[in-house]
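Participant: Submitted below is the structure of interest, expressed as structure tokens.
A short reminder: the numbers here are calculations on the coordinates, not readings from a lab. What you are looking at is a predicted structure, and each value in this text was computed from that prediction instead of being measured. Virtual Cβ from ideal backbone geometry, glycine too; neighbours counted across all protein chains shown.
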Amino acid sequence: MASEPVSYTSTESAAETWAGGQKRPPRRWRDKFADAFRGVKLGVRGQSSFFVHFFVSAAALAAAWVMTFDWVSWCLLLLCIGMVLTTEMLNSALETLCRGLDERTRQRCAPALDVAAGAVLLAASTAILVGALIFGYHLATLLRWL
């Protein structure tokens, strides 16, 4: 039995309408934030690599506090930390999604998982490089090498 295609008006999108063509009730911001915080909690608990990134980030933030970073250095450091943790969470989400697929589909999903892992590697490598430059500069300043 073929289902009728769902048509959307210009004011609604596919995301606002369920499969049966019924209008989806609007979600409250509180519910959206609750889902987001649950996702962060799952990310921290679900992946050992996320825990490593989180621990290294905490150590970097503590060192930046001790070295009294200027606001530009803080911005760069926080941007790098956010980039690494975000890519790690997206990689974890993709891994979780692929684990729920049947074996044949999961094998076709492998290149996407490799690309996601590569994105984490690239983000972490960039953060290490930027962090080394920032911390190196501040350490040299503290030791009066500059």
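Participant: Can you tell me the 0 to 90 degree angle between the C-alpha axis of helix 29-46 and the longest principal axis of the chain, rounded to 10?
Facilitator: For helix 29-46, the angle is close to 60 degrees.
Participant: Would you mind checking the tilt of helix 71-99 against the longest principal axis of the Cα atoms of the chain, expressed as 0 to 90 degrees and rounded to 10?
Facilitator: Compared with the principal axis, the helix lies near 40 degrees.
Participant: Stokes-Einstein D for the stretch 11-146 at 25 °C, 0.890 mPa s, Kirkwood Rh over Cα pairs, in µm²/s?
Facilitator: 137 µm²/s
Participant: Dipole of the stretch 29-119 (Lys/Arg Cβ +1, Asp/Glu Cβ -1, origin at the Cα centre): which of V72, M89, F33 lies farthest to the positive side?
Facilitator: About the Cα centre, the residue reaching furthest to the positive side is F33.
Participant: Relative to the Cα centre, what is the charge dipole magnitude of the stretch 73-146, using +1 at the beta carbon of each Lys and Arg, -1 at the beta carbon of each Asp and Glu, and rounding to the nearest 20 debye?
Facilitator: Here the stretch 73-146 has a charge dipole of around 120 debye.
Participant: Still on this structure: For L101, what is the net charge nearby, where nearby means another residue's Cβ is under 12 Å from its Cβ and Lys, Arg count +1, Asp, Glu -1?
Facilitator: Its environment carries a net charge of +1.
Participant: If you don't mind, another one. Tell me the angle of helix 103-142 to the major Cα principal axis of the chain, expressed in degrees between 0 and 90 and rounded to the nearest ten.
Facilitator: 30 degrees
Participant: Mind listing the lone cysteines of the chain, meaning no other Cys beta-carbon sits under 4.7 Å from theirs?
Facilitator: C75, C80
Participant: Dipole magnitude of the chain about its Cα centre, charges +1 at Lys/Arg Cβ and -1 at Asp/Glu Cβ only, in debye to the nearest 20?
Facilitator: Around 360 debye, computed over the chain.
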